[in-house]
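> The following block contains the structure, expressed as structure tokens.
The values are calculated or read from the model by the stated rules, or taken from the named source; none is laboratory data. Computed from a predicted structure; not experimentally measured. Note that each Cβ is placed from the backbone with ideal geometry, even for glycine, and that neighbours are counted across all protein chains shown.
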Amino acid sequence: MPVALRPDRAPVQRRRPVTRLAATDADFVLRVTAEGRLLAASDTVRDVLGWDLARCADEGIEAALSGSAQRVAVGRLLAEAVTTGGARTTLQVTSTGGPRWVDVAAKHLRDEPERPVLISARDVTHDLAAATHLSSSELQWRVAFEHSPIGGALLDDHGAILVVNASLSRMLGWPAHELTRMDVTDVVVCQGGLPWWDWWNDLLTDSQASSTADRMLRTARGERVWGRLTAASVTSPPRVIMQMEDITGRREAELELANRALHDGLTGAPNRFLTRQWLASALEDDPDGRVGVLYGDLDRFKIVNDSLGHAAGDSLLLQVAERLRMPLRPEDLLGRVGGDEFVMVIEGVRTPAELADVAQRLAEALDEPFQIGEHQHAMTLSLGGSIGSHPDTADDVLMRADMALLRAKRSGRARYVGFDPAQDRVATRADLQLEDELRMSLASDELRAYYQPIVTMGDLGVVGHEALVRWQHPQRGLLPPAHFLELAESSGLIRPLGGWMLSQACRDAATGSGGLADAGWVAVNASPSQLTRPGVAADVRRALEESGLRPERLHLEITETALITASATLVKELHELSELGVRIALDDFGTGYSSLSLLRQFPVDVVKIDRSFIEPVLSDRSAYAIVKAVLSMCRDLALSTVAEGIETEQQLDLLRELGCSHGQGFLFGRPVPLPVRVPVPLHAPTPLVNHERRRA
């Protein structure tokens, strides 16, 4: 039975003073009789717990305990110590600093006089608080782990899967109990082996860092999905915490975006950029060989578009592309580089006669009439050819084939002409004349600045304008950019022309009448040729200083191709302009290489989605998916977006729904000269005719 702390007996006579015992600040040591009378104590019992040691010596330590629960617990401790020789418990006691939790151990010293009980107690208040906090943190972590929408797993340092959450089980299709009997290499497809283990070992040797890698994952159904693995290692014991996110849809969208950037959306043939890259690679791979290029243009294709409509024209182009592929070998390339222009790259051509034979077979492939709806239409092909070899560049060979094509057109169409240096010089005289006239126009006030509004998608308020160049030719009248921009690029006149456009746009935005000066920013295009030479930042600063336009009101629009080939000097200058306040816009997004790294490497503020994606967005699921992905990505990157070529309210409503921030197109206004009038917000579709398809 429990030993009483205060037996019923006569009044206790005063004993000798309580003996002092040594202890640390966190320890409490007492020597008591089996009945609980204090014989000796450490100073901490008096100083920290606040006990009256003299009273405890007279009346027992029960006098210092508050509450019946403490007295019962101490009574049981003493009773168990006397009975078994030792006992242990944890209890709460009062102290000068408030309640404390102590870990108490009691030992019965049977061999000493008075057979005392030695009690030692240690303050564990902070330890219990830390343990409680740790337990709470572990519980919170486990709840977050179990309910995370991203797959998660805990692995040992050898890759064995120890714990998985429900999301990972659903993603891979295996029950949790099966996954925990597997190794990480049963799930992750280790292509090549060594790179995977290098990544794993680096992860284990740097416990302070996390690492991310995209890997192919194997599902229970035998399918392969792309996963983004984010992992971090911990020690004691060594473990790896890993998250696996299914990014298959994202990867497919990126691949589709890259594919569309390199291929023609209608025929699936390589576009101009990929065709040029293919030709350049062919010229480099076989320095001793010769590469033939055939530049083809459909004769009178415009008649089909004008008489039967663009849908009929698209149907015809699809059929033409299919027929042109038939005479070519698998290793040859057929690219569509323009509206009705095709380029064929033929490797291993030794003589002009061989190239002429290929051209003959291509022309014969179009002999049979084409069925377009209820109509049959005969189509012929004009071809120009050139043979290149190392060290010719792709541009050299393409230019020579294009010049030969021009001579074939002028010679009556429906024929093949090989490049002839003597004759093809004559074929460019008209171009040289136009070049001279364009050069004079820079000094004779013949260039005109037109402006097309850019609106917010919410309230359709005008927030900016894009500056577009026109040429008021003395004899030919007002020429759109399609008539002279390529000539300006090839002749080197694009830099002074671009400088004029930049200065004029800044002046008009700063002082223009009719609303331009009050309508936000002005966007000016910078051609790739302008950006190949240093001094871009100086030109922009000069235009801003001379006009007084604030830097933040100028948007510099740069194409993807220009950024991909950007020199270190250009990169530095773009960052300087960005720090100055000028906004950088990535123009015609999706028509070039569409490298997503451009958005990370350059100070891009605005992404302009090309009209070739906007025009079919209502009917083409691929175009819709790509536009949606681009807008979502730009929103996450806090980039403004401008959808180009909006022509209907249905397109407007869809782009609003997808989160596009700004729009530009005939629905909001055509390019017009000053004075610019701010259009009224739209309430009903506006019929559009004579659409301009070529932008400045």
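> Taking the range 221-242, which residues are among the polar types (S, T, N, Q) and under 19 Å from the mean Cα position of the chain (by Cα)? Give the derivation first.
Going through the range 221-242, the residues among the polar types (S, T, N, Q) turn out to be 230, 233, 235-236.
Hit for the range 221-242 is Thr230, nothing else.
> Can you tell me which of Leu316, Leu283, Leu355, Leu362 is under 28 Å from Ser612 (Cα atoms) and in contact (Cβ under 8 Å) with a residue 40 or more places away in the chain?
The conditions single out Leu316.
> So which residues in the range 404-419 are at pLDDT 90 or above and either over 16 Å from Asp299 (Cβ atoms) or polar (S, T, N, Q) (or both)?
Once the filter is applied, which keeps residues that are at pLDDT 90 or above and either over 16 Å from Asp299 (Cβ atoms) or polar (S, T, N, Q) (or both), the range 404-419 yields Gly418, Phe419.
> Please go through the range 217-241 and give me each residue that is surrounded by 15 or more Cβ atoms within 10 Å (Cβ to Cβ) and under 30 Å from Asp620 (Cβ atoms), ordered by number.
Val225, Trp226, Gly227, Arg228 - these are the residues of the range 217-241 that are surrounded by 15 or more Cβ atoms within 10 Å (Cβ to Cβ) and under 30 Å from Asp620 (Cβ atoms).
> Would you point out which residue out of Arg329, Arg300 is at positive phi and out of contact with any Cys (no Cβ under 8 Å at 6 or more places or on another chain)? Spell out how you get there, then give the answer.
Details: Arg329 fails: at positive phi.
After ruling out the rest, the residue left standing is Arg300.
> Do we find that Ala684 is at pLDDT below 90, part of a helix (DSSP H, G or I) and hydrophobic (A, V, I, L, M, F, W, C) in this structure?
Criteria not met by Ala684.
> Now for a different question. Taking Leu355, is it in a helix (DSSP H, G or I), in contact with a helix residue (DSSP H, G or I) (Cβ under 6 Å, 6 or more places away or on another chain) and not hydroxyl-bearing (Ser, Thr, Tyr)?
Here the answer is no, as Leu355 does not meet what is asked.
> Still on this structure, I have one more. So Leu599 passes all but one of these: (1) in a helix (DSSP H, G or I); (2) under 20 Å from Asn259 (Cβ atoms); (3) aliphatic (A, V, I, L, M); (4) at pLDDT 90 or above. Which condition number does it fail?
Result: Leu599 fails condition (4) only.
> Just to verify a result, which residue in the range 516-541, among those that are at pLDDT 90 or above and more than 28 Å from the chain's Cα centre (by Cα), is farthest from Glu576 (Cα to Cα)?
It comes out as Asp539.
> Right, another one. Go through (1) more than 20 Å from Ala523 (Cβ to Cβ); (2) part of a strand (DSSP E or B); (3) among the polar types (S, T, N, Q) for Gln433 and report which single condition fails.
Of (1) more than 20 Å from Ala523 (Cβ to Cβ); (2) part of a strand (DSSP E or B); (3) among the polar types (S, T, N, Q), only one is false for Gln433: (2).
> Show the residue pairs meeting these rules: Cβ distance below 7 Å; 6+ apart or different chains; first residue within the range 462-480 and in the same structural domain as Met440 (by TED's automatic domain parsing) and farther than 23 Å from Leu667 by Cβ; second residue part of a strand (DSSP E or B) and of a type in the set (A, V, I, L, M).
So the pair list comes out as Trp471/Leu447; Trp471/Leu479; Gln472/Leu478; His473/Leu479.
> Here's a follow-up. From the list Val349, Val343, which residue is modelled with pLDDT of 95 or more and among the β-branched types (Val, Ile, Thr)?
Val343
> Looking only at residues in the range 613-667 that are of a type in the set (Asp, Glu) and at pLDDT below 90, which one is nearest to Pro603 (Cα to Cα)?
Asp636
> Return the residues of the range 213-239 that are outside any loop (DSSP other than H, G, I, E, B), of a type in the set (Val, Ile, Thr) and closer than 16 Å to Asp157 by Cβ; say none if nothing qualifies.
We begin by selecting, within the range 213-239, every residue outside any loop (DSSP other than H, G, I, E, B); these are 213-218, 224-234, 239.
Of the ones still in play, those that are also of a type in the set (Val, Ile, Thr) are 225, 230, 234.
If the condition is that a residue be outside any loop (DSSP other than H, G, I, E, B), of a type in the set (Val, Ile, Thr) and closer than 16 Å to Asp157 by Cβ, then Val234 is the only one that fits.
> I'd like the full set of residues that are part of a loop (DSSP other than H, G, I, E, B) and buried (at least 21 other Cβ atoms within 10 Å of the Cβ), limited to the range 549-584.
Correct list: Leu549, Val582.
> Filter the range 651-675 down to the residues that are over 21 Å from the mean Cα position of the chain (by Cα) and aliphatic (A, V, I, L, M), then identify the one that is farthest from Pro453 (Cα to Cα).
Leu654
> Please go through the range 446-467 and pick out each residue that is part of a strand (DSSP E or B), over 25 Å from Arg656 (Cβ atoms) and out of contact with any Asp or Glu (no Cβ under 8 Å at 6 or more places or on another chain).
Answer for the range 446-467, where residues must be part of a strand (DSSP E or B), over 25 Å from Arg656 (Cβ atoms) and out of contact with any Asp or Glu (no Cβ under 8 Å at 6 or more places or on another chain): Leu447, Arg448, Tyr450.
> Need the failing condition index for Met244 against (1) surrounded by fewer than 16 Cβ atoms within 10 Å (Cβ to Cβ); (2) in contact (Cβ under 8 Å) with a residue 40 or more places away in the chain, just the number.
If we test Met244 against (1) surrounded by fewer than 16 Cβ atoms within 10 Å (Cβ to Cβ); (2) in contact (Cβ under 8 Å) with a residue 40 or more places away in the chain, just (1) comes out false.
> Note down all Cβ pairs under 7 Å where the first residue falls in the range 534-552 and is within 14 Å of His575 (Cβ to Cβ), the second is exposed (fewer than 15 other Cβ atoms within 10 Å of the Cβ) and modelled with pLDDT of 90 or more, and they're at least six residues apart or on different chains.
From the range 534-552, the pairs are Pro551/Leu580; Pro551/Gly581.
> Continuing with the same structure: For the range 286-347, list the strands (runs of 3 or more DSSP E) that sit wholly inside it and hold at least 1 residues that are among the hydroxyl-bearing types (Ser, Thr, Tyr) and touching a helix residue (DSSP H, G or I) at 6+ places or on another chain (Cβ under 8 Å); which are they? Reasoning before the result, please.
Numbers: elements: 291-298, 333-336, 341-347.
Filter on the range 286-347 gives 291-298.
> Take the residues in the range 480-512 that are of a type in the set (Gly, Ala, Ser) and over 18 Å from Arg542 (Cβ atoms); name whichever of them is surrounded by the most Cβ atoms within 10 Å (Cβ to Cβ).
Ranking the candidates gives Ala488 first.
> From the list Ser281, Ser236, which one is of a type in the set (S, T, N, Q) and more than 20 Å from Val397 (Cα to Cα)?
Going through Ser281, Ser236 in turn, the sole match is Ser236.
> It is to be established whether one or more residues within the range 298-319 are crowded, with 16+ Cβ neighbours inside 10 Å and within 27 Å of Glu284 (Cα to Cα).
no
> Would you confirm, using the coordinates I've provided, whether Ser513 is hydroxyl-bearing (Ser, Thr, Tyr), over 30 Å from Glu256 (Cβ atoms), over 32 Å from the mean Cα position of the chain (by Cα) and modelled with pLDDT under 90? Show your work before the answer.
Details: hydroxyl-bearing (Ser, Thr, Tyr): yes; over 30 Å from Glu256 (Cβ atoms): yes; over 32 Å from the mean Cα position of the chain (by Cα): yes; modelled with pLDDT under 90: yes.
So Ser513 fits the description; yes.
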